[in-house]
Amino acid sequence: QPIGALLLEHCRITKEEENVFSISFIEEPERKYCFECDSEEQCQEWIEALKRASYEFMRRSLIFYRNEIQKMTGK
């Protein structure tokens, strides 16, 4: 059962040690959560998935694709 939820806005995802990553928040640097994975591969998968899920990543992707469409179509 989940014990809570984290809003992943304005957060930093950091590789800490082998099989361990953390999520900290830019506006609250003392608020940090560490997660341990079963393997290094699993740890990297979590890090990449969390980075791709961030608002900033999606926003940058949207801007990039809008610009590409505009270049191709002129609209």
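If I compute Cα extents along the principal axes in Å from the structure I just sent, which labelled value in [x] 40, 23, 20; [y] 48, 29, 25; [z] 34, 22, 22 lines up?
Of the listed options [x] 40, 23, 20; [y] 48, 29, 25; [z] 34, 22, 22, [y] comes from this structure.
With all protein chains present, how much of the accessible area of the chain (probe radius 1.4 Å) comes from carbon and sulfur, to the nearest whole percent?
Exposed carbon and sulfur together represent 53 percent of the surface.
Given a Förster radius of 25 Å and the C-beta distance between LYS51 and THR73 as r, what FRET efficiency does 1/(1 + (r/R0)^6) yield to the nearest 0.05?
0.25
Kindly state, to the nearest 0.05, the FRET efficiency for VAL20 paired with ARG59, given R0 = 30 Å and r defined as their beta-carbon distance.
Given R0 = 30 Å and the Cβ-Cβ separation, E is 0.60.
Compute the angle between helix 55-73 and the longest alpha-carbon principal axis of the chain, please, reported from 0 to 90 degrees and rounded to the nearest 10.
The helix 55-73 is inclined about 20 degrees to the chain.
So what is the relative contact order for segment 11-73, in percent, with contacts set as C-alpha pairs under 8 Å and at least six apart?
In percent, rounded to a whole number, it is 23.
To the nearest 10 degrees, how steep is helix 40-53 against the longest Cα principal axis of the chain, on a 0 to 90 scale?
Helix 40-53 sits at roughly 50 degrees to that axis.
Quick one: accessible surface of PHE25, probe radius 1.4 Å, all protein chains present, in square angstrom to the nearest 10.
Around 10 Å² of this residue is reachable by solvent.
Put +1 on the Cβ of each Lys and Arg and -1 on the Cβ of each Asp and Glu in the chain; which of ALA53, GLY4, ASN67 then has its Cα farthest toward the positive end of the dipole?
Final value for the positive-end residue is ASN67.
The values are calculated or read from the model by the stated rules, or taken from the named source; none is laboratory data. What you are looking at is a predicted structure, and each value in this text was computed from that prediction instead of being measured. Neighbour counts are summed over all protein chains in view; Cβ atoms, including those assigned to glycine, are modelled from backbone coordinates with ideal geometry. To get the accessible areas, we keep the full protein, side chains included, count just its heavy atoms, and leave off ligands, DNA and RNA. Shrake-Rupley method; radii C 1.70, N 1.55, O 1.52, S 1.80 Å.
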